[in-house]
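Right, one structure below, let's go through it.
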Amino acid sequence: MDREGERVACLEAYMKSLIPHNPSWMAADGSTNIALAIQMSNERGRHLVAGRDIAPGEVIMCEPPAAIATKTACKTSCINCLTVLRNNISSCEGCGVPLCTPKCVIKDHTDNECQILKRLGLKDLRERLAKDDGSEHKNNENASENGSSDTEDNSDSESSSDKIVKILKVLNTILLPLRIIQLLKKSPKLSTVILSLQSHAQTLFKLPIGQFHLKDMFGGLQDYLNIQVPPKFAERFCGIIITNTFNIITETNKLGRALAPLAAILNHSCMANAERFYYDDMMIIRASSPISKGTPVTISYTHNILGNRIRQSYLYTTKFFKC
C-alpha cells in the first residue's frame, strides 16, 4: 500500500469510529450501513461520496470536532464556550485567559493548557492593572480632598491595558494551533488522522497569504509561549490547519473555528448537495437534495450570494484550487 493508500485507510478507520455518533449508520440487523465512503481520483482528489442513497433533509453525518477554539480576529471571547465577553470580563484563576466565569474550564481549557498559557503573562498583567486602578482611585480621592483637580497620568496602567489587548489578539490566533499540537501529543490515533489530512504546503507557501499565516501562527507560538516547531513540520501543520478547519457559528451565535477531520474531506461545489452547520457540539452535514449512491457529497466553502470573482479568489487563496 502506498502512502496515500495508508492515509485513506487511516481516515476510513476514523470514520468507523464515528458510528456511535451516527445511529443511522447501523442497519436493523446490526450491520453497518455507513452513509459515506472515501474515494480518490485525479480530478477530485480525496473526497467523500454517498455510501448509499441519501434522501433530502437526511443527516448524513455528525462529527464532534477534534479541536475547537476562538476565531482569529474575533472579539474577546471565553476560550472554552466561545461566549463574547463585553463588560466585567472574568478570567481563569490560573493563567488569566478570558472565561465567561472562572468555573467555565470543564471541557477544553485543561490544566496542561492553563500551565502553558501562563507564559502569556495575562494573570500578572491583570493583577498589575487592578492594582494600578486602585492606586489611581485613591490618588483621585486624595486630590479631591486637597482641592486639586490635577492628576498624574498612570502610564503603567495604560501600558498594562494595551499589553492585555495585544496579547488577547495573539491568543485568538494561536489557541487553535496550540490545542491541535497538544492533541497530537495526547492522542496517537487522532494524531495519525490529523496528519493524514492534506496540507497543500507546496502551493500555500509560495503565496504571500501562506507566509503571513505561518508567521502569525508559529511566530506567536514561539514568541509568546516559547514553543519551538521545526520549520518543515510548521509548514505542513500550518497548511493542514488553513486547509481543513472551518469557521463555525453555534446555535446561540457564538463564533469559533474547528477541526473536524472527516468533514474536512468534503469537496466544494457552487451547487452543493449538502450543507454544513454546527449544533450541540457537533459538526453536522445534512443533505439538501437527493444524493445517489456513489455520487460525491459536496458542500459550499463560500457564501453563494457572493459574486463569481470574489468566490473564485477566496477559494484559490484559502483552499488552493480554481473553481
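Across the chain, the longest piece that holds none of the GluC sites (Glu not before Pro) lying in DSSP loops with up to 12 other C-beta atoms within 10 Å covers 153-250.
Amide H contacts under 5 Å for Val97: Cys92, restricted to partners 5 or more places along the chain or on a different chain, H placed in the peptide plane at 1.01 Å from N. Each of Leu178, Tyr224, Thr252 was placed along the dipole of the chain (beta-carbon charges, centred on the mean Cα), and the one lying farthest toward the positive end is Leu178.
Remark: Asp108, Asp29 ranked as Asp29, Asp108, counting other beta-carbon atoms within 10 Å and listing the fewest first. Using only Cα atoms and rounding to the nearest 10 degrees, what angle (0 to 90) does helix 308-318 make with the longest principal axis of the chain? Computed tilt is about 80 degrees.
Shown for Cys10, Cys238: other C-beta atoms within 10 Å of each C-beta, ranked fewest to most, produce the order Cys10, Cys238.
Nearest 0.05, what FRET efficiency do Val84 and Lys293 give at R0 = 45 Å with Cβ-Cβ as r? Can you show the working numbers first?
Values: r = 43 Å, r/R0 = 0.95.
Between Val84 and Lys293 the formula returns 0.55.
With point charges of +1 on the Cβ of Lys and Arg and -1 on the Cβ of Asp and Glu, referenced to the Cα centre of the chain, which listed residue (Ile241, Ala9, Met283) lies farthest in the positive direction of the dipole? Sorting the options by dipole projection puts first Ala9.
Net charge dipole, the chain: roughly 1340 debye, given to the nearest 20, about the Cα centre with Cβ charges of +1 for Lys and Arg and -1 for Asp and Glu. Distance from the C-alpha centroid of region 216-232 to that of region 266-323: 32 Å, rounded to the whole angstrom.
In region 18-62, what trypsin sites (Lys or Arg not before Pro) fall in a loop by DSSP, with at most 13 other Cβ atoms inside 10 Å?
On the way: sites: Arg44, Arg46, Arg52; in loops: Arg44, Arg52.
Loop-located and lightly packed - Arg44.
With a Cα-only, solvent-free Debye model of the chain, what are the log10 I(q)/I(0) values at q = 0.08, 0.16 Å⁻¹? With one equal scatterer per Cα and no solvent, log10 I(q)/I(0) is -0.45, -1.42.
Relative to the longest principal axis of the Cα atoms of the chain, the long axis of helix 3-17 lies at roughly 80 degrees.
Nearest 5 percent is fine: what portion of the DSSP beta bridges confined to the chain is antiparallel?
Numbers: 30 of 32 bridges.
Here the share of antiparallel DSSP bridges comes out near 95 percent.
Straight-line reach from Lys189: taking Cα to Cα under 17 Å and skipping same-chain neighbours fewer than 8 places apart, the lysines in range are Lys16.
Of the trypsin sites (Lys or Arg not before Pro) in region 197-243, the ones in a loop by DSSP (not H, G, I, E or B) with at most 13 other beta carbons within 10 Å are Lys206. Could you state the angle between the C-alpha long axis of helix 122-145 and the longest principal axis of the C-alpha atoms of the chain, as a value from 0 to 90 degrees rounded to the nearest 10? Roughly 30 degrees, rounded to the nearest 10. Charge dipole of region 34-97 (Cα centre as origin; +1 on each Lys and Arg Cβ, -1 on each Asp and Glu Cβ, all else neutral): 240 debye, rounded to the nearest 20.
Since every read-out is calculated from the coordinates, none of them should be taken as a lab result. Fair warning: this is a prediction, and the values are worked out from it, not measured in the lab. Virtual Cβ from ideal backbone geometry, glycine too; neighbours counted across all protein chains shown.
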